[in-house]
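Everything below concerns the one structure shown next.
Nothing in this text is a laboratory measurement; each read-out follows from the coordinates by a stated rule. Note that the coordinates shown come from a computational prediction; the quantities given were computed from them, not determined experimentally. Cβ: placed from backbone, ideal geometry, glycine included. Neighbour counts: every protein chain shown.
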Amino acid sequence: DELGAIEQVIPAAIDCLAPGGRLAVISFHSLEDRLVKQAFRKAAGLSRSDDTFDHMPIQYMVPVEPPPDPKVKILTKKPIVASDEENQLN
């Protein structure tokens with residue numbers, strides 16, 4: 001159950017981070033991507049008013065009221081994707 005593993009591993013990995021540590025996650029399809037984004041949003045203290053807004057960029061999220069102590073700071077607002085040149089080289 002890969003999707004279930006993602007739901008368990010991301011929060012566990014976040015809990016293992018040292019202060020200032022970084023966690024990078026590579027997802028290969030939209031179901032994985034959604035779970036990863038949700039886990040990071042939750043750990044960052046961000047929330048959406050409705051699950052239908054999964055497609056919304058993180059910068060449109062609002063802090064949970066009252067704001068919890070965030071475990072992480074999200075460093076990238078958009079996914080990092082390969083350039084056309086990098087795709088051609090691969």
**Report entry** Residues with amide H under 5 Å from that of Leu17, placed H, sequence gap 5 or more
**Finding:** none
Requested in this report: May I ask you to evaluate 6.51 cos²θ - 1.76 cosθ + 1.60, the Karplus curve with θ = phi - 60°, for each residue of the range 79-87 and list the ³J(HN,Hα) values in order in whole Hz, giving x for glycine and proline?
Outcome: x, 8, 10, 5, 6, 4, 5, 5, 4
Query raised in the report: How do the peptides 81-87, 12-18, 40-46, 70-76 rank, highest first, by the average count of neighbouring beta carbon atoms within 10 Å per residue?
Result: 40-46, 70-76, 12-18, 81-87
